[in-house]
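Report on the following structure.
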Amino acid sequence: MRDTGVVKSVKGDFAEVIADPGRECTECPISGSCTHSTLEEGQTIFVKNELGAEVNDLVIFEYEEREIEKGVFLVYGIPTLFILSGFILGVVLEKGFGFVLFKLQNAMIIIMTVLFLVASIFVVRWIDKKIRAGAYIVDILIEANKSQG
């Protein structure tokens, strides 16, 4: 898929691009599940900057739909798996082994579920930092520095 956006910053071989919010939302496989207010100014995407785009350049970038699916799994799938794992572990500890916290029924289940949810946040952030951008700049439409001078 191709989209346009404005380069917000350049860090090494990567550019932070603010994508036009119109197209990405309508073509997104999870369209409607996030609040539009967070995307009013566009979605921030890190892309490979092999063409040397600079800040405020209007660029066309390309990405595979598989990248979106990876992101969806990262944001929704991993926390869901962690929550289910925490719940199951809590049930096994409380019902199977008789561990009871604070003499409250289901306290172990709730605590393990919340702990696993919090752990999933750190895991998602760690994975997100390890993933390399799969999107890349295809063309620079308007070079900001040259259009001013």
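Below is a table of values for the structure above.
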| item | result |
| --- | --- |
| Length added when fully stretched, K11-I60, from 0.36 nm per residue minus Cα-Cα | 15.8 nm |
| Zone residues, the stretch 45-86, relative to D20, backbone N less than 17 Å from point 7 Å out along Cα-to-Cβ | 45, 56-63 |
| Neighbour cut-off at most 12 other Cβ (10 Å), DSSP loop, trypsin sites (Lys or Arg not before Pro), the stretch 61-143 | K103, R132 |
| Net charge contributed by nearby residues that have their C-beta within less than 13 Å of I109 (K/R +1, D/E -1) | 0 |
| Cα convex hull of the stretch 65-132 - mean projected area over all directions, nm² | 4.9 |
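Taken together, the values in this text are just the output of simple stated rules run on the coordinates, not laboratory data. Model, not experiment: these values are computed from the prediction. Backbone-built Cβ (ideal geometry, glycine too); neighbour counts: all protein chains shown.
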